[in-house]
Amino acid sequence: MKHLNFTIRLFAALIVWASLSQAQQTPQLGKSSAKDVIAAMTVEEKVNLVMGTGMNFPGLPSDLQGPAVGETDDRVPGAAGTTFGIPRLGIPAIVLADGPAGLRIQPYRNKDSTATYYCTAFPIATLLASSWDTDLVERVGRAVGNELKEYGVDILLAPALNIHRNPLGGRNFEYYSEDPLVSGRMAAAMVKGVQSQGVGTALKHFVANNHEWNRNTINVIASERALREIYLKGFEIAITEASPWTIMSSYNKVNGAYTSESVDLLTSILRDDWKFTGLVMTDWFGGRDAIAQMTAGNALLMPGTRNQQIALLAAIKDKTLSEAVLDRNIENILNVILKSPVFQNYKHSNKPDLKAHAQLAREAAAEGMVLLKNADGVLPLKSQIKLALFGNSSYDMVTGGTGSGDVNEAYSISLLQGLKGAGFVTNLSLAETYSTYISEEKAKQPPPRPLRLPPPIAERTVSSDQISRLAAEMELALITIGRNSGEFSDRKRENDFDLSAAEKKLIQDISDAFHSVNKKVVIVLNIGGVIETVSWRDQADAILLAWQPGQEAGNAIADVLSGKMNPSGKLATTFPLDLQDVPSSSNFPGTVLEGPDPNNRSPLAGARAAEVVYEDGIWVGYRYFNSKKMKTSYPFGYGLSYTNFDYTDLKLSCTEFNHKLTASITVTNRGKVAGKEVVQLYLSAPARHFSKPAEELRGFAKTKALQPGESQTLSFELTSYDLASFDAASSSWLAEAGTYTVKIGASSQDIRQMQTFEKAKEEKVSSVSKALLPESMIKEMTVKH
C-alpha cells in the first residue's frame, strides 16, 4: 500500500512538473521575442489577433457581427472596441475608445450601480486650433490621456486632422483647420500630451475623409501635388513630430483604392517615405477586402467581423494570403500592446481629476474664442450690466458635435448660468419662457438614435412688443446663434450655413429695437463650422465666435465677455462672403455613380457608390482667396483683441539662403490691458516651374500675456523643406531658385512686416515614392507601356 501511495504521489508530481515545464516553454509576450510569440500561435489565434472582438449595433447583420462581442462591455462600457487577448501567450486585450473632444465612454455600468464614470468635454478641435497655442493643446492632451489611463482605456481614437476643404463638411468640428501646418502641429501637440500618460493615440482619418456623404464608398480623385501638399502634409507633420502609436485609415477611396487597401498609402508613403513604425487600424467597418487590407499593411481590422475571420482563415489555407504578411502585421500589433497600460499591469483608479480638467477646459475654451467684431469697444461688458438674453443656444448650448466626437460629461454650463456666475443681471421672465419652449420642443422629438444628430429645434419667435419692452428695461441685447453637426451627413446651406428666416428676423428686430434707444447688440456664435455672416453682421455691435466650447461653455464665454480673459483666438479657417466663393463648392460633396455599391453592407453609412474630383487642387482656403485677391467675410488668421499690438524690427539671419534661415520679429502691446497675440509667418515663393499660392503659412507662435507697453521677440526657423513644393513629375520636393518674401502679420491679409531673401540654386530637397496616381494618369501610363 505504501508503494502504491508513493507511486500515485510521484505520478501527480510528474504531471505538475510536465505542466510547469510546458508553460515555461510556451513563449510569453514581454519575456520572449515577438517573433517567438508569433511562432507559437495557431493560425486561428493569428487571425483573431488582426481583428477586434466586434461590437453591438442595432440591426447589424449576422455576418457582420463580431467574433466575440461582449468583451468591450465587460472591460469599459461605451468604448469603441477591444482586441483579442491570448492569455496562454501573455497577450492581453486592449481597449480603444473615442474621441476628438474628450474620452467617450458610458457614465454608468451594469456591474457598478453606485458609481459614475463621467469624462471631461473639452472644446472641439476647431476651437483648440483657433488658440494657435500648441502648449495649451498639449496640456489638454495630457488631461485626456489621464482620463483614458484612469478609466482603463489603452488607445484614444483621435486626434482627427482632416482638412476643412468645404464649410459644409459634417465633421469639420472634429478637425483643426484648412491649413496643413496648423492641423499637423495641433495634432502633434495633442498626440504628445495624450501619449505622455502612457496611453496611445490613433491619428485619423488617413486620408481625404473630408465629407460624410457616402463616406464608405466615395472615391476621392486628387492630384499627387494636392495630396502631398494639402491632405497628407498634416499627417506627415504629426507623425514625424509626435510618433503616434497608431494610424486609422479612412473609409473612402483615394484615386480608385480604398485607403485601408492601398499599398501606396500605407506602405510606400507611410512607412517608406515617413518611416512610420507603428500600427495601422481601419475605421469601424472600413474597406471591403480583408486580404487586401492585410497586404497593404492595415494590421488591425476594427471592430472585427465573422466575415473577415472566415475570409482570412480561407486565404491562409489556400495560400492567397501569405502567413508572413499576417506575422508582420501581428508584430506591429504586439509592439503596441507591449506599451499599453493593461500590459504594464496599471491599476486604474476610475477617478481622474475631473475638477482640474474642467478648469483646463474652461481656460482652453476662452483661449480659442475669436472676437470678430467690436465696434466702439462695446466689449468687454461692464460689470452688473443688465442683459436681455435671446436665442435658444443661450439657454441650451451646443458644447460639442455628435457621433464619435460626443462626450458623456457630468454637466454643461449654459450661457445664462455663466453670465449669472460672472455677476451679470439677466431677465428672469425671458429665461423662463425660453426654458419652457426648449423643454416642450425636445419632448416632441423622436427617441434619439445612437451616434446620430437630433433634429434641431426651431428658433423661438419673440414678439416685437416683448423685444421693445426689453429694449426699454435692459441695457444690452445678447443673441446666441447655435449650430450642431456630426457623423453620417454633411451640413446643408439652407438653415445651416445660412441663417434661417427666423434667426434673421430675430436679429433684425432686436437690432432695430435696441439701436433705436441707443443700446448695443452683441451676437455670440455657438457653432461647430463656418456660417454666412455678411447678411447680418452690420446689425451687431460686437460678434464673438465661441465655437463649441465644451462643458464649461457658459463660464468661458462669460470670461471673455467680461474681460476676465482677453480674447486671443484667431481663425484657423476662412469665413467666405458666400458659400459659392469656396472653390470646392462647385462639386461638393460629389456625384452619385450608377446604382448602389452591392458590397457596401455597413450599418454606418449609405450604400451609394460615389466619387468627387478635387478640382480645387492645392487652392484650399486662404491659398485660393489670397491668390485670387478675393474678399472674404473674415480671413484666415483673423481675430481681434481688447488691446492692440505693434510689429517691429523684422530681421532675417541672412539674405542668401543656404539650407536654413531664421526670422525674428518684435511684438509690443500698445494698448491699455494685457493680452496675447498670435503671430503668423507666410512665405511667398517664386513660381518658375509651377503655380504657387500668393503666400503659404510656414510658421506661427503665440506671445505670452504682454502687459501694456511690454514687448516680446519671436523667432521662426525656415528650412529648405519650408521653401519646397511638390513636383509630381520627379516625385520630389523642389525648392526653386529666385526671390522669396517673408511676410509676418496678424492674419493672412494683415501683413505687418516683410523682407526678401534669395536662393541661388534650385534644390531637390527630398525624393519620395511615386504613389497615389490619379486614375486617369494610371490609365495613360498603362496605354503607353
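Between S32 and E656, the contour length at 0.36 nm per residue exceeds the alpha carbon distance by 219.1 nm. Taking a point 7 Å out from the Cα of D376 in the direction of its Cβ, the residues of segment 504-520 whose backbone N falls within less than 11 Å of it are 515-520.
Computed 3J(HN,Hα) for segment 712-725, one whole-Hz value per residue from the Karplus formula 6.51 cos²θ - 1.76 cosθ + 1.60 where θ = phi - 60°, is 9, 9, 10, 10, 10, 9, 10, 10, 4, 4, 5, 8, 8, 10, glycine and proline marked x. Highest mean packing first, where packing is the average number of other Cβ atoms within 10 Å per residue, the peptides 679-685, 165-171, 401-407 line up as 165-171, 401-407, 679-685. Each residue of segment 276-281 is assigned a 3J(HN,Hα), and the resulting list reads 5, 10, x, 10, 10, 10 Hz, derived from the Karplus form 6.51 cos²θ - 1.76 cosθ + 1.60 (θ = phi - 60°), x at Gly and Pro.
Peptide packing for 124-132, 200-208 was compared via the average number of neighbouring C-beta atoms within 10 Å per residue; ordered from the highest value, the list is 124-132, 200-208. Here the extension length gained between I438 and R88 equals 120.4 nm, from 0.36 nm per residue of separation less the Cα-Cα distance. Helix 233-242 sits at what angle to the longest principal axis of the chain, using alpha carbons and giving 0 to 90 degrees rounded to 10? It works out to around 70 degrees. Between helix 354-368 and the chain there is an angle of about 50 degrees, using the helix long axis and the longest principal axis of the Cα atoms. Computed with a 1.4 Å probe over protein heavy atoms only, the accessible surface of segment 465-532 comes to 37 Å² per residue.
In percent, how large is the relative contact order of the chain, given Cα pairs closer than 8 Å and 6 or more residues apart? Write down the numbers at each step before the final one.
Details: 1877 pairs, mean separation 111.0, N = 785.
Averaging sequence separation for qualifying contacts and normalising by length gives 14 percent for the chain.
Only helical DSSP H runs with n ≥ 4 go in: add -39500 (n - 2.57) per run for the chain, normalise by residue count and round the 222 nm mean residue ellipticity to 500 deg cm²/dmol. Roughly -8500 deg cm²/dmol at 222 nm, from the helical runs in the chain. Amide H contacts of F657 (H built 1.01 Å from N, in plane; Pro and chain starts excluded): E758, K759, A760 sit under 5 Å, all sequence-distant by 5 or more or on other chains. What shape does segment 629-722 take by its C-alpha gyration tensor, where a ≥ b ≥ c are the square roots of the eigenvalues and a/c under 1.5 counts as rounded, a/b above b/c as prolate, and the rest as oblate? Oblate. Projecting the Cα atoms of V144, S243, V220 onto the charge dipole of segment 117-249, computed from C-beta unit charges around the Cα centre, puts V220 farthest toward the positive end.
Put simply, the amide H of F206, placed in the peptide plane, has neighbours under 5 Å in M248, S249, S250, leaving out anything fewer than 5 places away on its chain. For H689 and R452, a Förster radius of 41 Å and the Cβ-Cβ distance give a FRET efficiency of 0.30, rounded to the nearest 0.05. Taking Cα atoms only, the orientation of helix 180-195 departs from the longest principal axis of the chain by about 50 degrees.
If both residues of a DSSP beta bridge must be in the chain, then about 60% of such bridges are antiparallel.
Using a probe of 1.4 angstrom and keeping all protein chains present, the accessible surface of segment 280-399 works out to 39 square angstrom per residue.
Cross-link pairs exceeding 23 Å between alpha carbons, from the set K111/K347; K702/K743; K31/K347; K651/K743; K149/K564; K442/K519: K149/K564; K442/K519.
Taking each residue as 0.36 nm, the span from A115 to D750 lengthens on full extension beyond its C-alpha to C-alpha distance by 223.3 nm.
For segment 412-466, what does the alpha-carbon gyration tensor say about shape, rounded, prolate or oblate, given a ≥ b ≥ c as the root eigenvalues, a/c under 1.5 as rounded, and a/b over b/c as prolate?
Values: a/c = 3.02, a/b = 1.49, b/c = 2.02.
Verdict is oblate for segment 412-466.
Under 15 Å from a label point set 7 Å out along the Cα-to-Cβ vector of D135, the amide N atoms of segment 344-388 belong to 364, 367. With 24 Å as the limit, the listed pairs K46/K339; K373/K631; K505/K628; K275/K764; K204/K275 have K505/K628 beyond it between alpha carbons. Distances between placed amide hydrogens fall under 5 Å for G85 paired with A93, all partners being 5 or more residues away or on another chain. Label positions at K504 and V673, each projected 7 Å from the Cα along the C-beta direction, are separated by 3.4 nm.
Name the residues of segment 560-588 whose amide N is less than 17 Å from a point 7 angstrom out from the Cα of A431 along the C-beta direction? Backbone N within reach: 562. Here the accessible area is traced with a 1.4 Å probe on the protein chains. For the chain, carbon and sulfur cover 51 percent of it. Classify segment 224-302 as rounded, prolate or oblate from the Cα gyration tensor: take a ≥ b ≥ c as the square roots of its eigenvalues, call it rounded if a/c is under 1.5, otherwise prolate when a/b beats b/c and oblate if not. It is oblate, given that a/c is not under 1.5 and a/b is not larger than b/c. Each Lys or Arg adds one and each Asp or Glu takes one away; over the other residues whose Cβ falls under 15 Å from the Cβ of M294, this sums to 0. Which of the following values of semi-axes √(5λ) of the Cα gyration tensor in Å was calculated from the structure shown: [x] 46, 34, 25; [y] 50, 34, 26; [z] 44, 30, 26? After the calculation, the listed value that fits is [x].
The values are calculated or read from the model by the stated rules, or taken from the named source; none is laboratory data. Please read these numbers as outputs of a predicted model, since none were measured by experiment. Quick reminder, even Gly has a Cβ in these numbers, built from the backbone with ideal geometry, and neighbours come from all protein chains shown. Keep in mind that these areas ignore ligands, DNA and RNA; they rest on the heavy atoms of the full protein, side chains included. Shrake-Rupley method; radii C 1.70, N 1.55, O 1.52, S 1.80 Å.
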